[in-house]
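Note sheet for the following structure.
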Amino acid sequence: MSQNGKQVQPKSAVWDDNENHWHIGLKDSHGQAHGPQLTYRKGGSLSAFGFQEHGLSQGPAFRFHENGEISQIANYTSGELTGLHHYCRSSEVTTEQFFDGAPTGIKTVIFDHDSGAIQGFLDWEDNPVSLNDIKNGNSFVDKDTALSRKSQSASQIPPTSVPLAANWLETHKMWAVGLNFADNKTHGPYMYFSAEGNLTTVCNFAQCIPVGPLIGFHPNGEISQTCEYSEKGQLIGQHIYHRHKDFPNSPFPPGAPEVIKTMIMEYNQGFPEITNLYDWEGQELDPHTLEPYQQESAS
């Protein structure tokens, strides 16, 4: 969502007084964070995005500068930092912290949590820079040079509501924030935005396979659906749909009577079964009173 040319947290975000930020995320039956988790600063800019399994951070996690550039990319295993951790400077003023003692002119420091040592550096065009390059005063691409080249070659700039770190997916006509393996397989948490800049989906992948909870959004930022995928990419558990009168094209089971605002389906051995229906005032509906629809959905 955008307002006056800047990022604004989606309408479904909830303010957290203890953490002093806006938050979007699901919880498991024990009240633990489970699935994609997003946080936004008080001013509305995206600050962090990651994935949790029953209260513990798992897999890649991102932090963002106020302008939408990536501040950090870390990796978690059962809540513990592991592997490589990228710390990235911003091209603009930021409140995000950078790696202490990093050489001047470097954009990214790569720290290895497993060895407890710096793994390497990257210049402003993400080219590797060695310690010898720095000690010997060898030239590498600085911020001004990189920004000048980027402005000359940029073919598409994301809307102000989309993080600058997003990539345009021409095939799908949408923006995406996430990581790819070397073989170009999507891996870890992903955010998707429409061409207009509206957040549409947050989910998680394991080498191209959707895994864990997914949250879908209406164009106004309200939640349109939530569901969960198994480790094999199959829908499991509850799939909850929320209708919105202003957005008839948002996903909702076809043929459902207009009186239904919320539908809850339960997946059992790969097959969905309607378990609960709610009207626009939150009152539960008796499925037996909607017999024509029940027959249609079962056919």
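The values are calculated or read from the model by the stated rules, or taken from the named source; none is laboratory data. Since the model is a prediction, treat every value here as computed from it, not as a measurement. Reconstructed Cβ throughout: ideal geometry from the backbone, glycine too, with neighbour counts over all protein chains shown. Note: accessible area is taken over every heavy atom of the protein model, side chains too, but ligands, DNA and RNA are not part of it. Shrake-Rupley method; radii C 1.70, N 1.55, O 1.52, S 1.80 Å.
So what is the calculated 222 nm ellipticity per residue for the chain, using -39500 (n - 2.57) for each DSSP H run with n of 4 or more, over all residues, to the nearest 500 deg cm²/dmol?
-2000 deg cm²/dmol
Please give the direction-averaged projected area of the C-alpha convex hull for the stretch 141-232, in square nanometres with one decimal.
Mean projected area for the stretch 141-232: 7.4 nm², to one decimal.
Per residue, how many Å² of accessible area does the stretch 120-182 show with a 1.4 Å probe?
Per residue, the stretch 120-182 has 66 Å² of solvent-accessible surface.
Based on the Cα coordinates of the chain, what is the per residue volume of their convex hull in Å³?
Details: hull volume 50.1 nm³, N = 299.
Looking at the chain, the number lands at 168 Å³ per residue.
Compute the accessible area per residue over the stretch 1-109, keeping the other protein chains in place, probe 1.4 Å, unit Å².
Accessible area per residue: 50 Å².
Report the paramagnetic label zone for Asn20: residues of the stretch 32-53 whose backbone N is under 19 Å from a point 7 Å from Cα along the Cα-to-Cβ axis.
Of the residues in the stretch 32-53, 39-49 have backbone N under 19 Å from the label point off Asn20.
In vacuum, with every alpha carbon of the stretch 155-299 counted as one equal point scatterer, what does the Debye formula give for log10 I(q)/I(0) at q = 0.17 Å⁻¹? Two decimals, please.
So the normalised log intensities work out to -1.02.
Tell me, what is the FRET efficiency for Val259 and Ala195 to the nearest 0.05, using R0 = 35 angstrom and their Cβ-Cβ distance as r?
0.60
Please compute P(r) over all alpha-carbon pairs of the stretch 17-170, binned at 5 Å starting from zero, and give each bin as a whole-number percent.
Bins of 5 Å from zero give 2, 8, 14, 18, 19, 16, 11, 7, 3, 1, 0, 0 percent of pairs.
What is the calculated FRET efficiency for Lys232 to Asp126, with r their C-beta to C-beta distance and R₀ = 30 Å, to the nearest 0.05? Before the final figure, lay out the partial values.
Numbers: r = 34 Å, r/R0 = 1.14.
After rounding to 0.05, the efficiency reads 0.30.
What does the charge add up to near Phe140, with Lys and Arg as +1, Asp and Glu as -1, over the other residues with Cβ less than 12 Å from its Cβ?
Values: positive: Lys107, Lys143; negative: Asp123, Glu125, Asp126, Asp133, Asp142.
Around Phe140, the charge tally is -3.
In Å², and per residue, what accessible area does the stretch 193-275 have when probed at 1.4 Å with the other protein chains present?
I get 50 Å² per residue for the stretch 193-275.
What full-extension length gain, to one decimal in nm, is calculated for Thr289 and Lys135 as 0.36 nm per residue of separation minus the Cα-Cα distance?
So the chain would gain 47.7 nm between Thr289 and Lys135.
Which is the longest stretch in the chain that no exposed loop site breaks, taking sites as chymotrypsin sites (Phe, Trp or Tyr not before Pro) with a DSSP loop state and at most 13 other Cβ atoms within 10 Å?
1-180
Treat each spin label as a single point 7 Å out from the Cα along the C-beta direction, and report the Glu170 to Lys245 distance in nm.
4.2 nm
In whole Hz, with x marking every Gly and Pro, tabulate ³J(HN,Hα) for the stretch 163-178 from phi via Karplus 6.51 cos²θ - 1.76 cosθ + 1.60, θ = phi - 60°.
These are the phi-based 3J(HN,Hα) values: x, 4, 6, 6, 10, 7, 9, 4, 4, 9, 6, 8, 9, 9, 10, x Hz.
Would you mind calculating the relative contact order of the chain from Cα pairs under 8 angstrom and at least 6 residues apart, reporting the percent as a whole number?
10 percent
How long is the gain from Asp114 to Trp280 if the chain were fully straight, where each residue apart is worth 0.36 nm and the alpha carbon distance is subtracted?
Between Asp114 and Trp280, full extension yields 54.6 nm more.
To make sure I understand the rule: partners must be lysines, Cα under 29 Å from the Cα of Lys232, and not fewer than 8 residues away in the same chain. Which ones qualify?
Lys232 reaches Lys27, Lys173, Lys185.
Under 1.5 on a/c is rounded, so check that first for the stretch 108-152, then, if it is not, pick prolate when a/b is larger than b/c and oblate when it is not; a ≥ b ≥ c are the square roots of the alpha carbon gyration tensor eigenvalues.
In terms of gyration-tensor shape, oblate.
Using a Gaussian network for the chain with springs between C-alpha atoms less than 10 Å apart, which of these wobbles most: Ser139, Ser91, Ser71?
Looking only at Ser139, Ser91, Ser71, the largest GNM fluctuation is found for Ser139.
If the cut-off is a Cα-Cα distance under 23 Å, which lysines reach Lys143, setting aside same-chain residues fewer than 8 apart in sequence?
Lys107, Lys135
What is the percent carbon and sulfur in the accessible area of the chain, measuring with a 1.4 Å probe over the protein chains and ignoring ligands?
48 percent
Compute the length gained on full extension between Asp28 and Thr94: take 0.36 nm times their separation in residues and subtract their Cα-Cα distance, giving the result in nm to one decimal. Could you put the intermediate results ahead of the total?
Working: separation 66, 0.36 × 66 = 23.76 nm, distance 3.41 nm.
Fully extending the segment from Asp28 to Thr94 adds 20.4 nm.
Quick check on the stretch 1-100: take the gyration tensor over C-alpha atoms, sort the square-rooted eigenvalues as a ≥ b ≥ c, and tell me if it's rounded (a/c under 1.5), prolate or oblate.
Working: a/c = 2.32, a/b = 1.11, b/c = 2.08.
Taking the square roots of the gyration eigenvalues as a ≥ b ≥ c, the stretch 1-100 is oblate.
For the Cα atoms of the chain, what angle does the longest principal axis make with the long axis of helix 143-153, in degrees from 0 to 90, nearest 10?
Orientation of helix 143-153: about 50 degrees from the principal axis.
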